[in-house]
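Visitor: One structure is given below, represented as structure tokens, and several questions about it will come after.
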Amino acid sequence: MNQLLRSLLSSLRDLGPILLVVTLFQLLVIRQPIPNLADLLAGGLLVVLGLTFFVRGLELGLFPLGESMAYAFARKGSVFWLLIFAFALGFGTTVAEPALIAVAGKAANVAAAGNFIADNIEARSRYALGLRISVALSVGFAIVVGVFRILKGWPIQYLIIGGYTAIVVMTAFAPPEIVGIAYDSGGVTTSTITVPLVTALGIGLASSIKGRNPFTDGFGLIAFASLTPMVFVMAYGMLI
Amino acid sequence: MELVTTLFGAILGTVKDVLPIAAIVVGFQIFVIRRPVANVRRLIIGFLYVIAGLGLFLAGLERSLFPLGELLARELTDPAFLGAGPAALWKDYYWVYIFAAAIGFTTTIAEPALIAVAIKAREVSAGGVSVWGLRIAVALGVATGVALGTFRIITGTALHHYIIAGYVVVIIQTVFAQKSIIPLAYDSGGVTTSTVTVPVVTALGLGLANTVPGRNPLVDGFGLIAFASVFPIMAVLAYAQLAKWLMAFQARPRTKGE
């Protein structure tokens with residue numbers, strides 16, 4: 001009971017600042033009453049409760065699962081299956097990601113407005129689906145590269161700087177309309193459920209392989225997953 | 001009654017998010033690993049907590065913060081509020097910058113994915129990285145990034161100039177950074193932009209692109225998320241650098257004065 005109360009309080013501390021900011025702006029800058037105050041309070045209560053449950057679930061479910069999968073693959077000793085799993089996890093969690101579906105739809109509208117594709121529903125939904133598949137492929141590829149890096153113990157910065165260079169070079173050649181969407185797509189692919197799971201997987205792998213340090217080698221999977229979509233989306237924009 | 005519908009929809013959405021992950025994990029567990037999982041019951045309970053928690057969280061956001069955040073974004077970018085005609089200079093939008101920074105900072109503090117990474121970082125660094133230190137550093141990065149991103153939309157300058165300049169700064173910082181912090185810093189760029197931040201920040205970008213004369217929402221409305229993913233990397237690297245300097249400063253033998 002005490003523990004629950006404490007975690008509720010800490011959720012309240014996490015969410016307090018944002019509630020404070022929107023209320024202050026509404027009352028002091030815009031100088032309007034808050035519409036639907038009851039809704040705001042009820043919603044705020046749900047958010048606090050939800051965050052409390054989520055953090056509890058992280059420690060009971062997502063973290064142990066990611067780590068136990070990592071240990072199981074390390075014990076099995078099959079790099080091939082580990083990489084297949086990494087790809088499946090990256091691809092599978094991204095392809096159905098709601099934020100990505102939304103961005104792909106917007107991108108199709110931009111492409112239609114820029115006359116890259118015919119301006120009808122069929123062409124647009126084909127374009128959006130193609131974009132989603134390429135982003136999902138890119139995230140699968142990213143997790144594979146990231147896991148391989150942990151196995152080999154490569155320093156992350158060379159790979160990331162290589163990725164940045166690719167982005168800069170491609171920006172020069174990609175159609176300008178797609179650049180904004182491509183840059184944003186890096187940020188939207190990693191959802192709230194994927195991040196803890198993938199982080200735990202990386203740390204589990206790094207701690208089960210001799211000579212790897214969980215802190216130095218375990219992080220970095222998310223970094224790849226937010227870099228490769230930019231490259232793939234620009235490539236998609238150049239090809240279509 | 002409406003609340004129940006929202007809640008139900010949000011939980012259904014979360015279940016749909018979890019399903020592919022569950023299918024992949026269970027499939028590999030049965031066909032490849034072929035070993036029973038330890039503590040299955042605990043894992044399932046944990047997953048139920050995650051689904052319920054995220055469902056409640058999203059339903060609550062949809063009832064409270066999202067509408068209010070979007071309303072504020074619209075009101076603050078309204079020409080009538082700004083009190084400036086088409087001749088408005090970038091300076092006249094100062095409330096937008098302040099709001100962008102404040103909303104970037106606070107939504108990041110509330111971001112569940114970042115909380116998860118911060119918990120893990122403290123755990124594996126044996127307390128070397130504090131949960132709040134990391135979260136505040138990342139949030140400051142997002143605040144700077146989003147504020148600069150709104151400035152870009154208002155001035156209509158090219159997105160890639162800013163992002164490429166950001167990359168150059170990150171690379172320079174990487175050269176001087178402590179090697180162990182680099183992967184965590186790079187990760188923090190990707191985790192900041194999720195459930196809470198993306199909808200509010202996107203609404204702000206689209207609102208601005210709609211009201212600032214000469215901007216096209218289709219093209220100029222994007223890019224804020226990109227800012228919000230580059231600047232946290234800089235902020236975390238800077239935070240680590242600062243911590244190192246402070247430590248070196250404190251460890252320095254005190255010869256003068258004292």
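The values are calculated or read from the model by the stated rules, or taken from the named source; none is laboratory data. None of these values were measured; they are calculated from a predicted model. Virtual Cβ from ideal backbone geometry, glycine too; neighbours counted across all protein chains shown. Calculation scope for accessible area: heavy atoms of the full protein, side chains included, ligands and nucleic acids excluded. Shrake-Rupley method; radii C 1.70, N 1.55, O 1.52, S 1.80 Å.
Visitor: Hey, what number do you get for chain A at 222 nm if only DSSP H runs of n ≥ 4 count, each worth -39500 (n - 2.57), divided across all residues, to the nearest 500?
Guide: On the way: 11 runs with 193 residues, N = 240.
That comes out to -27000 deg cm²/dmol.
Visitor: Here's another thing I want to ask about it. May I ask you to give the average projected area over all directions of the convex hull of the Cα atoms of the range A:105-219, in nm² rounded to one decimal?
Guide: Values: hull surface 32.0 nm².
Across all orientations, the range A:105-219 yields a mean hull projection of 8.0 nm².
Visitor: Could you state the per residue volume, in Å³, of the convex hull enclosing the Cα atoms of the range A:56-176? Intermediate values should be presented prior to the final figure.
Guide: Details: hull volume 17.0 nm³, N = 121.
Here the figure is 141 Å³ per residue.
Visitor: To continue, here is another question. Under the 0.36 nm per residue contour assumption, what length would be gained going from the current alpha-carbon distance of residue A:113 and residue A:148 to full extension?
Guide: Stretched out fully, the residue A:113 to residue A:148 stretch lengthens by 8.6 nm.
Visitor: Using only the alpha carbons of the range B:1-64, what is the convex hull's orientation-averaged projected area in square nanometres? Before the final figure, lay out each step's value.
Guide: Values: hull surface 18.6 nm².
Its average projected convex-hull area is 4.7 nm².
Visitor: Using a simple charge model, +1 on the beta-carbon of Lys and Arg, -1 on the beta-carbon of Asp and Glu, nothing else, what dipole does the range A:8-104 show about its Cα centre, in debye to the nearest 20?
Guide: On the way: 5 positive and 5 negative charges, 26 e Å.
Magnitude of the dipole: close to 120 debye.
Visitor: Sticking with this structure for a sec: Go ahead and run the numbers for FRET between residue B:180 and residue B:30, Cβ-Cβ distance against an R0 of 35 Å, rounding to 0.05.
Guide: Details: r = 37 Å, r/R0 = 1.07.
Step by step, r from the Cβ atoms, then E = 0.40.
Visitor: For the range B:77-251, with all protein chains present and a 1.4 Å probe, just round the carbon and sulfur fraction of the accessible area to a whole percent.
Guide: Numbers: 4530 of 6340 Å².
On the range B:77-251, the fraction of accessible area on carbon and sulfur atoms equals 71 percent.
Visitor: Charges on Cβ only, +1 for Lys and Arg, -1 for Asp and Glu, centred on the Cα centroid of the protein assembly as shown; of B:28, A:213, B:65, which one is farthest towards the dipole's positive end?
Guide: A:213
Visitor: Starting from 0.36 nm per residue, how many nanometres of slack lie between residue A:166 and residue A:6 once their C-alpha separation is accounted for?
Guide: Details: separation 160, 0.36 × 160 = 57.60 nm, distance 4.67 nm.
Between residue A:166 and residue A:6, full extension yields an extra 52.9 nm.
Visitor: A further question follows. For the cross-link pairs A:106/B:91; B:120/B:244; A:210/B:179, which exceed 26 Å when the distance is taken from alpha carbon to alpha carbon?
Guide: Working: A:106/B:91 30 Å; B:120/B:244 21 Å; A:210/B:179 19 Å.
Table pairs above 26 Å Cα-Cα are A:106/B:91.
Visitor: Given N residues in the range B:77-251, what is its alpha carbon radius of gyration divided by 2.2 N^0.38 Å? Kindly include the intermediate steps, with their values, before the conclusion.
Guide: Numbers: Rg = 17.3 Å, N = 175, 2.2 N^0.38 = 15.7 Å.
Taking the Cα Rg and dividing by 2.2 N^0.38 Å, one obtains 1.11.
Visitor: Another question about this same structure. Just the C-alpha atoms of the range A:51-91: what Rg/Rh do they give, with Rh taken as the Kirkwood radius? Write down the numbers at each step before the final one.
Guide: Numbers: Rg = 12.7 Å, Rh = 11.4 Å.
Checking Rg against Rh, the ratio lands at 1.12.
Visitor: Test of understanding: what is the full-extension gain from residue A:79 to residue A:29, defined as 0.36 nm times their sequence separation minus their Cα-Cα distance? Please list the in-between numbers first.
Guide: Details: separation 50, 0.36 × 50 = 18.00 nm, distance 5.75 nm.
Contour length minus the Cα-Cα distance gives 12.3 nm.
Visitor: Would you please calculate the Kirkwood hydrodynamic radius of the range B:163-206 over all C-alpha pairs and express it in Å, rounded to one decimal? It would help to have the intermediate numbers written out before the result.
Guide: Working: mean 1/r = 0.0814 Å⁻¹.
Hydrodynamic radius (Kirkwood, Cα pairs) of the range B:163-206 is 12.3 Å.
Visitor: Something else now. Which helices of chain B meet both criteria: a Cα extent of 15 Å or more along the helical axis and a mean Kyte-Doolittle score no lower than -0.5, with helices taken as whole DSSP H segments? Walk me through the intermediate numbers first.
Guide: Values: long enough: B:2-28 (40 Å, 1.66); B:40-63 (34 Å, 1.42); B:65-76 (16 Å, 0.84); B:94-109 (23 Å, 1.42); B:112-124 (18 Å, 1.15); B:131-155 (36 Å, 1.52); B:159-176 (27 Å, 1.64); B:197-211 (21 Å, 1.31); B:224-251 (40 Å, 1.56).
Membrane-span-like by this criterion, though nothing is claimed about a membrane: B:2-28, B:40-63, B:65-76, B:94-109, B:112-124, B:131-155, B:159-176, B:197-211, B:224-251.
Visitor: Still on this model: Find how many whole Å separate the alpha carbon centroid of the range A:1-40 from the alpha carbon centroid of the range A:66-108.
Guide: Taking the Cα centre of the range A:1-40 as reference, the centre of the range A:66-108 is 35 Å away.
Visitor: P(r) for chain A, please, calculated from all Cα pair distances in 5 Å bins and given in %.
Guide: 1, 6, 11, 13, 13, 12, 12, 13, 10, 5, 2, 1, 0
Visitor: Of A:99, A:127, A:190, which is farthest towards the positive pole of chain A's charge dipole, taken about the Cα centre with +1 and -1 on the beta-carbons of Lys, Arg and Asp, Glu respectively?
Guide: Farthest along the dipole direction, towards plus: A:190.
Visitor: Something else now. What is the interface area between chains B and A, defined as buried accessible area summed over both chains with a 1.4 Å probe, reported in Å² to the nearest 100? Intermediate values should be presented prior to the final figure.
Guide: Values: alone 15480 and 13840 Å², together 21120 Å².
Chains B and A together bury roughly 8200 Å² of accessible area.
Visitor: While we're here: Just the accessible area per residue of the range B:77-251, please: how many Å² with a 1.4 Å probe?
Guide: Numbers: 6340 Å² over 175 residues.
For the range B:77-251, the solvent-accessible area averages 36 Å² per residue.
Visitor: Using the crude model of +1 on Lys and Arg Cβ and -1 on Asp and Glu Cβ, and no other charge, please compute the dipole size for the protein assembly as shown relative to its Cα centre, in debye to 20. Write down the numbers at each step before the final one.
Guide: Details: 32 positive and 22 negative charges, 338 e Å.
In debye, rounded to 20, the protein assembly as shown gives about 1620.
Visitor: Could you compute the FRET efficiency for residue B:5 and residue B:123, with r as their C-beta to C-beta distance and R0 at 30 Å, rounded to 0.05? Write down the numbers at each step before the final one.
Guide: Working: r = 39 Å, r/R0 = 1.29.
Efficiency for this residue pair is about 0.20.
Visitor: Over the alpha-carbon set of the protein assembly as shown, work out the extent along each principal axis and list the three values in angstrom, largest first.
Guide: 72, 67, 55
Visitor: Right, another one. Please state the shape class of the range A:92-133: rounded when a/c is under 1.5, otherwise prolate if a/b exceeds b/c and oblate if not, all from the C-alpha gyration tensor.
Guide: Values: a/c = 2.90, a/b = 2.17, b/c = 1.33.
Prolate.
Visitor: Measuring from label point to label point, each 7 Å out along Cα→Cβ, what is the residue A:173 to residue A:133 span in nm?
Guide: 2.2
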